Amino acid sequence: MNEKMTIAVVYGSARQGRFCDTVVNWALTELWAESGFRITLIDPLELKGTAGDATLNAEALEEKIAEADAFIVVTPEYNHGYPAPLKELIDSCYEPWHAKPVGFISYGGVSGGLRAVEQLRQVFAELHTVTIRDTVSFSNVWAQFDTAGNPFKAAEAKAGLMVMLRRLKWWARALKTARAENAYSGIAA
């Protein structure tokens, strides 16, 4: 199976002035340099309705999730957990997540977002996903990037991302093959 895989990069924050954009932009630069997959973005800010309607466009979200073969969730840690907009995004649909792998890039203060990731693993288990053990984590994130959005320890950050990405791609191919042979929806019910 040599067809291109689709990896959806999911923004975990919807805060005004969010640092998530910096981390996602770094990840996208590295991901675009790799071959063998397409990148799509899932941003809760772009999925909101009109100015007076703060709910997510569930139909558009479900379509994006269904099209993806794998996910990389870029999440901050807010108050020892993950942000509410990310939970709303995850909970907006169910079956399109099934039998797909999820990797994490986290950031925050001292813990680097790892507490948020561990909570997300529990949530994604309920959606019948496979979470990748290896993560990329930026502790004290504001001191990890220069003003242009490049990590000061670029080689170290990229090395961690490449390990996670290799495993994510392996799971994405394996699960895509398995889904094609036997629809997962009947098994998950």
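For (1) touching a residue at least 60 places away in the same chain (Cβ under 8 Å); (2) part of a loop (DSSP other than H, G, I, E, B); (3) among the hydroxyl-bearing types (Ser, Thr, Tyr); (4) surrounded by fewer than 16 Cβ atoms within 10 Å (Cβ to Cβ), each residue gets a yes or a no:
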site	(1), (2), (3), (4)
Pro85	yes, no, no, no
Val117	no, no, no, no
Gln122	no, no, no, yes
Ser137	no, no, yes, no
Glu156	no, no, no, yes
Leu175	yes, no, no, no
Ala178	yes, no, no, yes
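Scanning the range 89-117 for residues that are out of contact with any strand residue (DSSP E or B) (no Cβ under 7 Å at 6 or more places or on another chain) and at positive phi turns up just one, Ala99. Among residues of the range 18-72 being in a loop (DSSP other than H, G, I, E, B), farther than 20 Å from Met164 by Cβ and of a type in the set (D, E, K, R), the one that is modelled with the lowest pLDDT is Asp53.
Being buried (at least 22 other Cβ atoms within 10 Å of the Cβ) and modelled with pLDDT under 95 is the filter here, so list the residues in the range 87-101 that pass it. The one that is buried (at least 22 other Cβ atoms within 10 Å of the Cβ) and modelled with pLDDT under 95: Leu89. On the stretch given as the range 139-154, residues that are under 13 Å from Thr22 (Cβ atoms) and in a helix (DSSP H, G or I) total 3.
The values are calculated or read from the model by the stated rules, or taken from the named source; none is laboratory data. What you see is a predicted model; the values in this text were computed from it and never measured. No Cβ is skipped: glycine too gets one built from the backbone with ideal geometry, and neighbour counts run over all protein chains shown.
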